[in-house]
Amino acid sequence: MSGDAEFLRRVYQCFNARDMEGGLASLHGDVMWANGQDGGHVHGREDVRSYWTRQWAMIDPHVEPRGFSTGPDGEIVVRIHQIMRDVAGSLLADKMIGHVFRIEDGLIRRFDIQPTTE
């Protein structure tokens, strides 16, 4: 899993730096990406682009991976420290959450969000 962990660390770096193209390059063309704002999923790179553009215009999320594990079906589970601020910098949330990735052909095929018990 060390290769997947390093790959995902780079994805998080791109996300936190608002490197749209770097982040999108890590996604499978037919990715299913969890929509943390509205629920459900967005599909495909262009829908993720639209989602991130809208999200980053409304909030300033920062996510730091704190641990990686492999789930029962081979998915990568990442323990995340998430800090969200509004565009003025006021704190909206500071919590631990879980991210679940399914990687196919070296690209993210599916991303889901799960609450943690912490």
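The values are calculated or read from the model by the stated rules, or taken from the named source; none is laboratory data. For clarity, every value in this text was computed on a predicted model and none was experimentally measured. All Cβ positions, even for glycine, are placed from backbone atoms using ideal geometry, and neighbour counts span all protein chains on display. The protein model used for the area step is the full one, side chains on, heavy atoms only, and it has no ligands, DNA or RNA in it. Shrake-Rupley method; radii C 1.70, N 1.55, O 1.52, S 1.80 Å.
Go through region 43-57 and report how many residues are more than 20 Å from A93 (Cβ to Cβ) and either part of a loop (DSSP other than H, G, I, E, B) or open to solvent by less than 20 Å² (accessible area, probe 1.4 Å) (or both). Residues that pass the stated criteria total 2. Filter region 12-28 down to residues that are touching a residue at least 40 places away in the same chain (Cβ under 8 Å) and touching a helix residue (DSSP H, G or I) at 6+ places or on another chain (Cβ under 6 Å) and give me whichever is farthest from I103 (Cα to Cα). In this case the residue turns out to be F15.
Selection of region 1-29 for residues being under 12 Å from the mean Cα position of the chain (by Cα) and more than 18 Å from V42 (Cβ to Cβ) yields L8, R9, R10, Y12, Q13, N16.
Here T117 passes the criteria (1) outside any strand (DSSP E or B); (2) at pLDDT 95 or above except the one numbered (2). On inspection, D94 does not qualify as of a type in the set (D, E), under 15 Å from G23 (Cβ atoms) and open to solvent by 60 Å² or more (accessible area, probe 1.4 Å).
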